[in-house]
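J.: Attaching a single structure in structure tokens format; questions to follow.
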Amino acid sequence: MSTPSEAVPAGSASPENLSDTAAATTPGAASQAGGAGASSAVEQRLAELGLTLPDVAAPVAAYVPAVISGNHVYTSGQLPFINGKLEATGKVSAGSEGASAESTVSPEAAKAYAAVCAVNALAAVKSVIGDLDRITRIVKVVGFVSSDPSFTGQPGVINGASELLGQVLGDAGQHARSAVGVSVLPLDSPVEVELIAEFA
């Protein structure tokens with residue numbers, strides 16, 4: 001079973017040592033960007049949580065990470081890449097759904113990876129609007145969970161993304177949401193998150 005503690009870069013606190021918050025469930029989320037200081041209030045809040053906005057993940061097919069339509073940004077689905085690597089694969093399972101020869105990811109680990117997805121989605125938003133402080137509302141979050149057929153805890157998994165957005169954006173991070181269980185995701189990722197952000 002893949003766990004977030006395996007994905008924690010050196011010098012980062014592991015999820016086991018942190019409280020059960022969105023910040024706690026983001027395992028050293030992709031501190032790929034250089035050592036430059038945070039350039040916005042949102043990035044300052046990420047920094048306070050020990051997170052650095054990563055470079056935008058390269059698309060794995062024929063699409064772009066984010067597009068602007070009117071005053072909204074629509075991101076493509078973001079996988080939980082950490083330092084450019086997908087650290088976990090397999091279906092999310094609570095471990096009591098029955099035997100499976102496939103690799104599995106615990107719901108707690110998947111929640112952590114959903115928070116990583118949210119950070120990566122914010123990076124995609126920044127890539128097209130330049131400053132995350134321009135966000136006035138996260139309108140919608142859609143989360144996909146690669147699920148064991150008997151697993152029904154998708155909302156709890158996607159809470160990782162929702163809680164992270166609430167922590168770094170405050171009231172503007174409150175959003176409508178869908179949490180969907182699917183049989184498989186790209187690259188056998190356990191979770192994928194996309195969002196719609198309104199900006200000024």
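J.: Return only the number of the condition from (1) assigned to a helix (DSSP H, G or I); (2) at pLDDT below 90; (3) open to solvent by 80 Å² or more (accessible area, probe 1.4 Å) that Asp20 does not satisfy.
T.: Against the list (1) assigned to a helix (DSSP H, G or I); (2) at pLDDT below 90; (3) open to solvent by 80 Å² or more (accessible area, probe 1.4 Å), Asp20 comes up short only on (1).
J.: Can you tell me which residue is surrounded by the fewest Cβ atoms within 10 Å (Cβ to Cβ) among those in the stretch 52-87 that are in contact with an Asp or Glu (Cβ under 9 Å, 6 or more places away or on another chain) and hydrophobic (A, V, I, L, M, F, W, C)?
T.: Result: Leu86.
J.: Next up: Condition first: modelled with pLDDT of 95 or more and open to solvent by less than 60 Å² (accessible area, probe 1.4 Å). Now tell me which residues in the stretch 94-111 satisfy that. Talk me through it step by step, then tell me what you get.
T.: Taking the stretch 94-111 as the starting set, the residues that turn out to be modelled with pLDDT of 95 or more are 105-111.
Val105, Ser106, Pro107, Ala109, Ala110, Lys111 - these are the residues of the stretch 94-111 that are modelled with pLDDT of 95 or more and open to solvent by less than 60 Å² (accessible area, probe 1.4 Å).
J.: When you look at Val139, is it at pLDDT 95 or above and either over 22 Å from Leu51 (Cβ atoms) or of a type in the set (Asp, Glu) (or both), yes or no?
T.: On the way: at pLDDT 95 or above: yes; either over 22 Å from Leu51 (Cβ atoms) or of a type in the set (Asp, Glu) (or both): yes.
Taking the combined requirement at face value, the residue satisfies it.
J.: If you don't mind, another one. Just the residues that are out of contact with any strand residue (DSSP E or B) (no Cβ under 7 Å at 6 or more places or on another chain), of a type outside the set (Gly, Ala, Ser) and touching a residue at least 12 places away in the same chain (Cβ under 8 Å), please, taken from the stretch 150-185.
T.: Result: Thr152, Asn159, Glu163, Leu164, Gln167, Val168, Gln174.
This table checks each residue for (1) farther than 16 Å from Val67 by Cβ; (2) open to solvent by 20 Å² or more (accessible area, probe 1.4 Å); (3) not charged (D, E, K, R).
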position	(1), (2), (3)
Tyr113	yes, no, yes
Ala123	no, no, yes
Val141	yes, no, yes
Val145	yes, no, yes
Pro149	yes, yes, yes
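J.: Still on this structure, please answer the following. Scan the stretch 176-184 and give yes if some residue there is open to solvent by 40 Å² or more (accessible area, probe 1.4 Å) and in a helix (DSSP H, G or I), otherwise no.
T.: no
J.: Here's a follow-up. Check the stretch 150-170 and report whether any residue there is assigned to a loop (DSSP other than H, G, I, E, B), more than 19 Å from Leu46 (Cα to Cα) and modelled with pLDDT under 95. Spell out how you get there, then give the answer.
T.: The first filter runs over the stretch 150-170 and keeps only residues assigned to a loop (DSSP other than H, G, I, E, B), leaving 150-153.
Right, trim to more than 19 Å from Leu46 (Cα to Cα) and you get 150-153.
Filter once more, so that each one left must be modelled with pLDDT under 95: 150.
Yes, there is a match, as at least one residue in the stretch 150-170 is assigned to a loop (DSSP other than H, G, I, E, B), more than 19 Å from Leu46 (Cα to Cα) and modelled with pLDDT under 95.
J.: Any chance the stretch 59-71 includes a residue that's among the β-branched types (Val, Ile, Thr), more than 18 Å from the chain's Cα centre (by Cα) and either at pLDDT 95 or above or in a loop (DSSP other than H, G, I, E, B) (or both)?
T.: Narrowing the stretch 59-71 to residues among the β-branched types (Val, Ile, Thr): 60, 64, 67-68.
Subset that is more than 18 Å from the chain's Cα centre (by Cα): 67-68.
Those still in the list that are either at pLDDT 95 or above or in a loop (DSSP other than H, G, I, E, B) (or both) too: 67-68.
Scanning the stretch 59-71 turns up at least one residue that is among the β-branched types (Val, Ile, Thr), more than 18 Å from the chain's Cα centre (by Cα) and either at pLDDT 95 or above or in a loop (DSSP other than H, G, I, E, B) (or both).
The values are calculated or read from the model by the stated rules, or taken from the named source; none is laboratory data. Remember, predicted model here, so these are calculated numbers, not experimental data. Glycine gets a Cβ as well: all are built from the backbone with ideal geometry, and neighbour counts include every protein chain shown. Ligands, DNA and RNA are excluded from the accessible area calculation, which covers all protein heavy atoms including side chains. Shrake-Rupley method; radii C 1.70, N 1.55, O 1.52, S 1.80 Å.
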